[in-house]
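Heads up, the thing below is written out as structure tokens.
The values are calculated or read from the model by the stated rules, or taken from the named source; none is laboratory data. What you see is a predicted model; the values in this text were computed from it and never measured. Heads up, the Cβs are rebuilt from the backbone with ideal geometry, glycines too, and the neighbour counts pull from every protein chain shown.
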Amino acid sequence: MALNNRALVTVYGGSGFLGRHTVRAIAQTGARIRVAVRRPELAGHLQPLGGVGQIVPVQANVRFPDSLLAAAQDADAVVNLVGILLPTGKQTFKSVQDEGARNVAEAAKAAGVGTLVHVSAIGADASSASIYARSKAAGEAAIKDVYKDATIFRPSVVFGPEDEFFNRFAALARLSPMLPLIGGGHTKFQPVFVGNVAQSIVAALEGRTSTKAPYELGGAEILTMRQVMERVLAYSMRSRPLVPLPFWIAKLQGAVLQWLPNPPLTLDQVRLLETDNVVSAAAIKAKRTLDGLGIEPVQIANVVPDYLEQFRPRGQFSIYKA
């Protein structure tokens, strides 16, 4: 598919963290973008990312198929970025990441859309102990059931200026006298820059990807949770003891804390931490990675220190030395 000013791409969930960067990357190709979100009146910040009239927010909710169909009408391609980290009310893992994914695919098919790109997550597994991971796997299966030639991406933890990863731990380090290492801090991550994920989505829209199996997107480094925490402390110029916390204790804490309005930890998140979040050997061999797409991963050290300066003792006036 050629991305130019004659192409129209509908991006479901385009106002979120990954969505903003994806919309910007697509806009740079000249394509027109319809950003389908639950609250379009709160998506006005996306319009300056493109030219006048290039980016248009519209209302859609993955739990309501009719709204999805309206947003997909006349589109050349659809990108599904809708996902949640915590279930709230009717926004459950099943309704959003499983049934919601199928609803998006069926709406796109009914509208005659030729290209579908779906973003899932590394760790998607129908047999996982985590409800989140199982719902991601179910969403992938639903997408493929409707669109055999859909492109699916599984990113590792995504980092960038507005992320919920490095920012979250830096905020904790500012307030807490210690940082817990769940499971001893041995879980491995391969953080990927949000801009690299957006580049991958553009590559899929342009037909430069395979649809046989999911792509797994990881960054240039594999870090244990302990190393992540050490980076956070270094970049935010804080000194905190790192205290190992056994999984069984973390599960007990998560089971209690998950009932808070904005829980810092849930039982499902602890279960996710029992499995490494890195690109598989199979994906590397098949070149279903950033490298296989010809995309050079952005280094953590080149981005994260800049946006964690807000958490330093003197903020931007602190002098950081790498």
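So that you can scan it fast, the table gives a plain yes or no per residue for (1) touching a residue at least 40 places away in the same chain (Cβ under 8 Å); (2) under 19 Å from A72 (Cβ atoms); (3) not charged (D, E, K, R):
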position	(1), (2), (3)
L3	yes, yes, yes
L8	yes, yes, yes
S15	yes, yes, yes
L18	yes, no, yes
A25	yes, no, yes
P40	no, yes, yes
L46	no, yes, yes
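Residue check: is V197 closer than 14 Å to F165 by Cα and either crowded, with 23+ Cβ neighbours inside 10 Å or at pLDDT 95 or above (or both)?
no
Which of (1) exposed (fewer than 14 other Cβ atoms within 10 Å of the Cβ); (2) under 24 Å from the mean Cα position of the chain (by Cα) is the odd one out, the single condition P244 does not satisfy?
Of the numbered conditions (1) exposed (fewer than 14 other Cβ atoms within 10 Å of the Cβ); (2) under 24 Å from the mean Cα position of the chain (by Cα), the odd one out for P244 is (2).
For segment 60-105: of the residues being among the polar types (S, T, N, Q) and in contact with a helix residue (DSSP H, G or I) (Cβ under 8 Å, 6 or more places away or on another chain), which is nearest to S130 (Cα to Cα)?
Step by step, filter segment 60-105, then rank; the result is Q97.
Let's see how each residue does on (1) in contact (Cβ under 8 Å) with a residue 40 or more places away in the chain; (2) within 21 Å of the chain's Cα centre (by Cα):
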{"residue": "H186", "(1), (2)": "yes, no"}
{"residue": "Q190", "(1), (2)": "yes, yes"}
{"residue": "A198", "(1), (2)": "yes, yes"}
{"residue": "G207", "(1), (2)": "yes, no"}
{"residue": "L217", "(1), (2)": "yes, yes"}
{"residue": "R238", "(1), (2)": "yes, no"}
{"residue": "W248", "(1), (2)": "no, no"}
{"residue": "K251", "(1), (2)": "no, no"}
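Mind telling me which of the residues T10, T22 ends up being of a type in the set (S, T, N, Q), within 15 Å of L205 (Cβ to Cβ), in a helix (DSSP H, G or I) and within 20 Å of the chain's Cα centre (by Cα)?
On inspection, the qualifying residue turns out to be T22.
Looking only at segment 48-92, which residues are in contact (Cβ under 8 Å) with a residue 60 or more places away in the chain, not polar (S, T, N, Q) and not in a loop (DSSP other than H, G, I, E, B)?
A71, A72, A77, V78, V79
Is it the case that some residue within segment 70-81 is polar (S, T, N, Q), crowded, with 24+ Cβ neighbours inside 10 Å, in contact with a Gly (Cβ under 9 Å, 6 or more places away or on another chain) and closer than 22 Å to K109 by Cα?
Yes: segment 70-81 contains one or more residues that are polar (S, T, N, Q), crowded, with 24+ Cβ neighbours inside 10 Å, in contact with a Gly (Cβ under 9 Å, 6 or more places away or on another chain) and closer than 22 Å to K109 by Cα.
Being surrounded by 15 or more Cβ atoms within 10 Å (Cβ to Cβ), of a type outside the set (A, V, I, L, M) and in contact with a His (Cβ under 8 Å, 6 or more places away or on another chain): is that true of N61 here?
no
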